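Only one structure is covered here, and it is reproduced in the block below.
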Amino acid sequence: MVAFAAVCFFFGGTSAKAQRLAVGTNALEWLASADNAQLVVVTGERTTLHLDGLYSRRPFGEEIRLFSLSPEVRYWFIGRPFTKFFVGATGGYNDYWYKRKDEEHLGYAFTAGATAGYDFLLGKKVSLDLTIGAGVARYREKDGGVGFCPVPLKLGVSLFFIID
């Protein structure tokens, strides 16, 4: 997260204004027993850079472990971040292990895709974000299995606290 913030600081512009940050969490991922956190840096008048991290172990008692880290760039149509409609481009790295019946899957995947959503500004410091996204994953498993598959990349109802 520190490296992400440093990149945003150096590439976010050279203005003397303070950067606008937000921290948040995705309620849908919590319902799926996945610990998660999100960091957002405003990089321009219509752009933000997001970093989402997730760790899940045994959701719903299933034999699953998942670690995911996914950056996303968003473009806001209204002209102000955290306000109404946005589209985004996202990518990510996922490390997984799961067991289904007698099959065990251990591997990693890289993802890329597009997102869209709507943001409700609930106050000066609080925002509710609805996000959906899809894309493709390139996976490699320990047993040598390699491939591509379409995947849902984002499904979120996130609550953000905006820090000036």
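Kindly provide the set of residues from segment 74-83 that are hydrophobic (A, V, I, L, M, F, W, C) and either surrounded by fewer than 16 Cβ atoms within 10 Å (Cβ to Cβ) or modelled with pLDDT of 95 or more (or both), ordered by number. Residues satisfying the conditions are PHE77, ILE78. Restricting segment 3-30 to residues that are of a type in the set (A, V, I, L, M) and within 12 Å of SER158 (Cα to Cα), the residue that is modelled with the lowest pLDDT is LEU28.
Which of the residues that make up segment 121-135 are surrounded by fewer than 14 Cβ atoms within 10 Å (Cβ to Cβ), over 13 Å from GLY24 (Cβ atoms) and either touching a Phe, Trp or Tyr at 6+ places or on another chain (Cβ under 6 Å) or not small (Gly, Ala, Ser) (or both)? Result: LYS124, single match. Of all residues in segment 97-120, those that are of a type in the set (S, T, N, Q) and either surrounded by fewer than 16 Cβ atoms within 10 Å (Cβ to Cβ) or out of contact with any Asp or Glu (no Cβ under 8 Å at 6 or more places or on another chain) (or both) total 1. Entry remark, segment 114-164: residues being closer than 17 Å to THR83 by Cβ, in contact (Cβ under 8 Å) with a residue 24 or more places away in the chain and not in a strand (DSSP E or B) number 3 in total.
Among the numbered conditions (1) surrounded by 14 or more Cβ atoms within 10 Å (Cβ to Cβ); (2) among the aromatic types (Phe, Trp, Tyr); (3) within 13 Å of the chain's Cα centre (by Cα), the only one that PHE86 does not meet is (3).
The values are calculated or read from the model by the stated rules, or taken from the named source; none is laboratory data. Every value quoted in this text rests on a predicted model; they were computed, and no experiment measured them. Positions of Cβ are backbone-derived with ideal geometry, glycine not excepted, and every protein chain shown enters the neighbour counts.
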